[in-house]
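Colleague: Following this message is one structure expressed as structure tokens.
The values are calculated or read from the model by the stated rules, or taken from the named source; none is laboratory data. Predicted, not measured: the structure shown is a model, and the values here were computed from it. Cβ atoms come from the backbone with ideal geometry, glycine included; neighbour counts cover every protein chain shown. Calculation scope for accessible area: heavy atoms of the full protein, side chains included, ligands and nucleic acids excluded. Shrake-Rupley method; radii C 1.70, N 1.55, O 1.52, S 1.80 Å.
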Amino acid sequence: MLNYIWIGLILIGLFVAVGNDITDEIRNPYRNGQPFEATLIVKKAPSGIRATWEGDIVATPEAFNAYYGASRTAEQISQPVSISTGADGAASLSMMITDASPAWWREMAKSGSSKDRLIGRVVLLVPAADQQTARVQVVFESIRFVKLRAVTQAALDYAGLAVNIALGLIGIMALWLGVMKVAEEAGLLQVLTRVLTPVTKRLFPEIPPDHPAVGAMIMNIAANMLGLSNAATPLGLKAMEELNKLNPKVGTATNAMVTFLAINTGGLIILPATAIAVRAAAGSANPGIIIGTSIVGAGCATIAGVTASKLLQRLPRYKKAMEA
Amino acid sequence: MGEFLKSFIEVISLIAIPLMFLVFLGWGLMKKVKVYEVFVEGAKDGFNVAIRIIPYLVAMLAAIGMFRASGAMELLISIISPVTSLIGMPPETLPMALMRPLSGSGSLGIMTELMKVHGPDSLIGIMASTMYGSSETTFYVIAVYFGTVSIKNTRHAVPTGIIADVAGMLAAVWIVNLLFH
């Protein structure tokens, strides 16, 4: 099933991206080829030495929204630009894009020829009598295949992110695996395991109740419930390694593994610390109000997950996968 | 009572890790385990485990990244929001429900955004934060946990995870509507 979901995510991603880009070709939301009219507040006029205008391009939000045919901004547009005239007399405009730029232009610059600039062709430049301002019309570079570019970029970015996440785990994994090894040698995990045997025996009937895997799973679930995700992942991975020692068919998930994963993905947590922190930061009168509702939600998810794992493992197709 | 419970749990989360170090290593010392040597012996595996999950994580995250960047989420939302509205799920929270199993940072971003726009104590704000707390990043967990032991045939893990996610989201909608509507 993971095969289909995985290829599904990629194919849907590609098809929707192409579909969106074709729609953009028809609707032209970036106004490719159409002149944008604005006022240039001149800071440096061309002199004998240099043929460059420098200044700020300004426009009202109404004009901006009318040009793009949608509500794109609510603020006055004011962007530093330079306009230079080439040898052939054609003038080109280069606009710095910063965090203060309108979101739509930032979006366009991402797919443009230069990441931090928006380039355009000046079709009209009429200085006012006092040389302080000028009327300009500019056709920005054509923006095409925005989504397809974004999908390509995302594939590369996320591949890098995956490596960063894994490398970030090395230190913390080593720390917890070391501590766990000491607890194992000292016989502490066995003590913990014995106490919870009545529960674990039902959840994982295939696992001998005194197996080290049980201790690691208990530690992982406890860490998860306390919201100690830094500790939970290494402990969970240790549990998976222990479970794999009992795996009769290498490379295939056992029933116990799936049940263990169901408990993990249910995400039962006593204190949803991240959600509470975000609520407090957003100025909530009572950030902790979601503790109870989250426990109900995660509790239902966990029960449903464990039940589903127990029922689905009996289906012939999943049974057959386990046979050697 | 709620406040007390919250500060109690906060104290527990604070002391849990130092306490674990103390008890585990202290117990080892009492049982005459050579703590330093055994610790190092165990810690050796850390590197291998982290390296082993890389291909699984790259495969999973790249696919999720492509899906997210394409704008497919918006399309999916416009298709299924009429159905989810029937069960009392505000359409604004649908992206949250769909993103939660795929991406932890993505769903965190959506939750923050929803609170900024609608307020943390609005029905939407409470529902989004409950949804966030009601599930885990299922596909990340599957990739990382199975990656550690090089499992390629995940058998019923994916349907199980999806069933758990759907149940968690439905329960979140139900309980929040019941208590805060």
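Colleague: Can you confirm whether A:Gly283 is buried (at least 18 other Cβ atoms within 10 Å of the Cβ) and facing chain B (nearest Cβ under 7 Å)?
Modeller: no
Colleague: Now, a different point. From the residues in the range B:21-51 that are open to solvent by 80 Å² or more (accessible area, probe 1.4 Å) and charged (D, E, K, R), which one is nearest to the other protein chains (Cβ to nearest Cβ)?
Modeller: Among those residues, the one meeting the criterion is B:Lys31.
Colleague: Taking the range A:184-226 as the search range and keeping residues that are closer than 21 Å to B:Val33 by Cα and among the β-branched types (Val, Ile, Thr), which one is nearest to the other protein chains (Cβ to nearest Cβ)?
Modeller: A:Val191
Colleague: Same structure again: Consider A:Leu311 against the criteria (1) at the interface with another protein chain (Cβ under 8 Å from one of its Cβ atoms); (2) of a type outside the set (D, E, K, R); (3) assigned to a helix (DSSP H, G or I): it satisfies all of them except one. Which criterion is unmet?
Modeller: Status for A:Leu311: all satisfied but (1).
Colleague: In the list B:Met111, B:Met89, B:Met99, B:Met131, which residue meets the criterion of being out of contact with any Asp or Glu (no Cβ under 9 Å at 6 or more places or on another chain), of a type in the set (A, V, I, L, M), more than 10 Å from every other protein chain (Cβ to nearest Cβ) and closer than 19 Å to A:Ile269 by Cβ?
Modeller: One residue alone meets the criteria, B:Met99.
Colleague: I've got another one for you. Yes or no: the range A:226-236 includes at least one residue that is surrounded by fewer than 22 Cβ atoms within 10 Å (Cβ to Cβ), assigned to a helix (DSSP H, G or I) and at pLDDT 90 or above.
Modeller: no
Colleague: Can you confirm whether B:Ile77 is crowded, with 16+ Cβ neighbours inside 10 Å, in contact with a Pro (Cβ under 7 Å, 6 or more places away or on another chain) and either assigned to a helix (DSSP H, G or I) or touching a residue at least 24 places away in the same chain (Cβ under 8 Å) (or both)?
Modeller: It is true that B:Ile77 is crowded, with 16+ Cβ neighbours inside 10 Å, in contact with a Pro (Cβ under 7 Å, 6 or more places away or on another chain) and either assigned to a helix (DSSP H, G or I) or touching a residue at least 24 places away in the same chain (Cβ under 8 Å) (or both).
Colleague: Turning to a different aspect of this structure: Report the residue count in the range B:154-166 for those that are buried (at least 24 other Cβ atoms within 10 Å of the Cβ) and assigned to a helix (DSSP H, G or I).
Modeller: Result for the range B:154-166: 5.
Colleague: A follow-up question, please. Run down A:Val163, A:Val214 and say which single residue is open to solvent by less than 20 Å² (accessible area, probe 1.4 Å), aliphatic (A, V, I, L, M) and within 30 Å of B:Met60 (Cβ to Cβ).
Modeller: A:Val214 is the lone residue from the list that is open to solvent by less than 20 Å² (accessible area, probe 1.4 Å), aliphatic (A, V, I, L, M) and within 30 Å of B:Met60 (Cβ to Cβ).
Colleague: Turning to a different aspect of this structure: Does A:Gln137 satisfy the condition of being modelled with pLDDT under 85, touching a strand residue (DSSP E or B) at 6+ places or on another chain (Cβ under 7 Å) and farther than 30 Å from B:Lys32 by Cα?
Modeller: no
Colleague: Going through the range A:126-152 one residue at a time, which ones are more than 7 Å from every other protein chain (Cβ to nearest Cβ), open to solvent by 20 Å² or more (accessible area, probe 1.4 Å) and assigned to a helix (DSSP H, G or I)?
Modeller: A:Leu148, A:Arg149, A:Thr152
Colleague: So which of A:Val296, A:Val258 ends up being at pLDDT 90 or above, at the interface with chain B (Cβ under 7 Å from one of its Cβ atoms), open to solvent by 30 Å² or more (accessible area, probe 1.4 Å) and not in a loop (DSSP other than H, G, I, E, B)?
Modeller: Just a single option satisfies the conditions, and that option is A:Val296.
Colleague: Still on this structure: Under 7 Å by Cβ, and 6 or more places apart or on different chains, what pairs join a residue from the range A:244-262 that is among the aromatic types (Phe, Trp, Tyr) with one that is assigned to a helix (DSSP H, G or I)?
Modeller: From residues that are among the aromatic types (Phe, Trp, Tyr), the pairs are A:Phe260/A:Met217; A:Phe260/A:Ala239; A:Phe260/A:Leu243.
Colleague: Those residues that are within 25 Å of A:Glu107 (Cα to Cα), open to solvent by 50 Å² or more (accessible area, probe 1.4 Å) and of a type in the set (Ser, Thr, Tyr), I need them from the range A:42-78; list them, please.
Modeller: A:Thr60, A:Ser71, A:Ser78
Colleague: Please note which strands (runs of 3 or more DSSP E) are completely contained in the range A:1-113 and include at least 3 residues that are of a type in the set (Val, Ile, Thr) and touching a residue at least 40 places away in the same chain (Cβ under 8 Å).
Modeller: A:36-44
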